[in-house]
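Working notes for the structure below.
The values are calculated or read from the model by the stated rules, or taken from the named source; none is laboratory data. Keep in mind the model is a prediction, meaning the values are calculated, not measured. As a convention, Cβ positions derive from the backbone with ideal geometry for all residues, glycine included, and neighbour counts pool all protein chains shown.
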Amino acid sequence: MKMMSYWLDTSTPFAAAAPGGPEGVADVAVIGAGFTGLSAALALAKKGAKVVVLEADRVAGAASGRNGGMCNNGFAQDYLTLSTQLGRERANMLYRAFDAGVDKVESIVTEEGIDCHFGRVGKLKLAAKPEHYEKIARSQELLAREVDPQTRMVQLAEMRDEIGSDRYFGGMLYEKSANMHMGKYGQGLAEAAARHGATIYEHNPLIRMRRTASQVHELTTPHGTVRANQVLLATGTSAAGPLGWFRRRIVPVGAFIIATEPLSTAQLDRLTPRRRNTVDTRNFVNYFRTSPDNRILFGGRARFSGRTDAASDAKSGVILRRSLLDVFPELADTRIDYCWGGMVDMTRDRLPRAGEQSGVFYSMGYSGHGTHMATYMGAIMAEVLDGRADLNPWRDFDWPAIPGHFGKPWFLPIVGAYYRFQDLVK
């Protein structure tokens, strides 16, 4: 079993990174070469801007290359609940932004010729308990009427057409959702940005950032310094750099994934005949999809942990394998080939944030919906930097610090215990 991301292990590393470190002057410096930073760099370079991207590690090597491989429209939260909290009009505006994110990924893949197995397979949200089905059915009825008629309920009697398991009690189908090979998409996005003129520096973590008297930003890495007129922060939960204001507002939560050995087409036809993206309704959520080479990738929270390393990933892998067998008992003798973890940058309300803070633009906090929203917001922030702040769907959202949180999520075990209790009683 490899303790590394399947996506990164089965994609060709980015080969067009600039040597050494940054120097000179740029129109825009982008901090982070994940989907947000790369999408922004691509859009800005196509506008003719001189763009420099600073990446602490490798292109798409953090959350963008370590996720569950889904490109799902719709909210992580219940639509009915969120529309009540935010108001119907605002909730619908945000829902359309999530839809636009999936469309944006598809358009970039098509326009730039990125070979990453993109496909609109749909997402199935599975009811872990009978009462969960009734809740999501109420939400789907309102959702279909208000903003997304391409959703429908899958009743218990229909479940065998969708999943070869008796573990669930029906579900809700989002037909617009897609998936793809995240590693190949990340590398392809970087190659597209570089092809259009962006300069990407890997292994150049930001260690110092200051604004000069002339309002130019000076950004320093261990290997050089660049001066930029504008800065876009696209780092999510990065532990590198002078970013304390943002760390107080984001909670990094570990997400963990295992991948089986390749399965036969006949076996996959029994277990997941339509090859959907699949998530369940628990707080300790499980999700799964198939890979281009016929594996089942099975992920979830497993443990509420603020770290991902080999030991932590392995502990979570044991838990995930038990959950996998709970859903698909026939995989008891199936080998697990990959096990890895990644950090999800969660905001308090699980909604992204984007805007400007002390002269630095930012977009982050995707809370588990980063693939498409990061891509979309990268392109949107390119417009915001060009003077179109009105295009930012998160422009009117305040973002207070999380009380008692100063960067290290000491409270995660408490939160985990609470959610585990909620899964038992609700």
* Structure fact -> If you go through 40, 56, 26, the only one that is touching a Leu at 6+ places or on another chain (Cβ under 6 Å) and more than 21 Å from residue 176 (Cβ to Cβ) is 40
* Within the stretch 215-237, which residues are among the charged types (D, E, K, R) and touching a residue at least 40 places away in the same chain (Cβ under 8 Å)? -> 227
* To do: From the list 58, 66, 96, pick out the single residue that is crowded, with 20+ Cβ neighbours inside 10 Å and touching a residue at least 12 places away in the same chain (Cβ under 8 Å).
  => 66
* Picking from 170, 197, 236, 186, which residue would you name as being at pLDDT 95 or above, surrounded by 24 or more Cβ atoms within 10 Å (Cβ to Cβ) and not aromatic (Phe, Trp, Tyr)? -> 186
* To do: Given the conditions (1) in contact with a strand residue (DSSP E or B) (Cβ under 9 Å, 6 or more places away or on another chain); (2) over 24 Å from residue 169 (Cα atoms); (3) outside any helix (DSSP H, G or I), report the number of the one that residue 333 does not fulfil.
  => (1)
* If you take the residues in the stretch 241-272 that are within 30 Å of residue 9 (Cα to Cα), touching a residue at least 60 places away in the same chain (Cβ under 8 Å) and part of a loop (DSSP other than H, G, I, E, B), which one is nearest to the chain's Cα centre (by Cα)? -> 250
* Failed criterion for residue 133 (all others in (1) crowded, with 18+ Cβ neighbours inside 10 Å; (2) in a strand (DSSP E or B); (3) not aliphatic (A, V, I, L, M) hold) -> (2)
* To do: Tell me, yes or no, whether the stretch 31-47 has at least one residue that is touching a Lys or Arg at 6+ places or on another chain (Cβ under 6 Å) and either farther than 26 Å from residue 367 by Cα or among the aromatic types (Phe, Trp, Tyr) (or both).
  => no
* Is there a residue being farther than 23 Å from residue 61 by Cα, at pLDDT below 95 and either surrounded by fewer than 21 Cβ atoms within 10 Å (Cβ to Cβ) or β-branched (Val, Ile, Thr) (or both) anywhere in the stretch 293-311? -> no
* Asked: Does the stretch 273-282 contain any residue that is closer than 30 Å to residue 404 by Cα and either charged (D, E, K, R) or not in a loop (DSSP other than H, G, I, E, B) (or both)?
  -> yes
* To do: Check whether at least one residue in the stretch 30-45 is surrounded by fewer than 24 Cβ atoms within 10 Å (Cβ to Cβ), more than 22 Å from the chain's Cα centre (by Cα) and either modelled with pLDDT of 95 or more or not small (Gly, Ala, Ser) (or both), and report yes or no.
  => yes
* To do: Filter the stretch 163-183 for residues that are under 16 Å from residue 70 (Cβ atoms) and more than 22 Å from the chain's Cα centre (by Cα) and give the result.
  => 163, 171
* Considering only the stretch 141-240, give the strands (runs of 3 or more DSSP E) lying wholly within it that have at least 3 residues that are over 24 Å from residue 271 (Cβ atoms). => 199-201, 208-211, 217-221, 224-233
* Asked: Out of 37, 74, 21, which single residue is under 30 Å from residue 292 (Cβ atoms), among the small types (Gly, Ala, Ser) and outside any helix (DSSP H, G or I)?
  -> 74
* Hey, among 256, 246, which residue is in contact with a helix residue (DSSP H, G or I) (Cβ under 9 Å, 6 or more places away or on another chain) and within 28 Å of residue 367 (Cβ to Cβ)? -> 256
* How many residues does the stretch 366-411 contain that are touching a helix residue (DSSP H, G or I) at 6+ places or on another chain (Cβ under 7 Å), surrounded by fewer than 24 Cβ atoms within 10 Å (Cβ to Cβ) and small (Gly, Ala, Ser)? -> 2
* Asked: Is it the case that some residue within the stretch 360-378 is in a helix (DSSP H, G or I), among the hydrophobic types (A, V, I, L, M, F, W, C) and under 21 Å from residue 29 (Cβ atoms)?
  -> yes
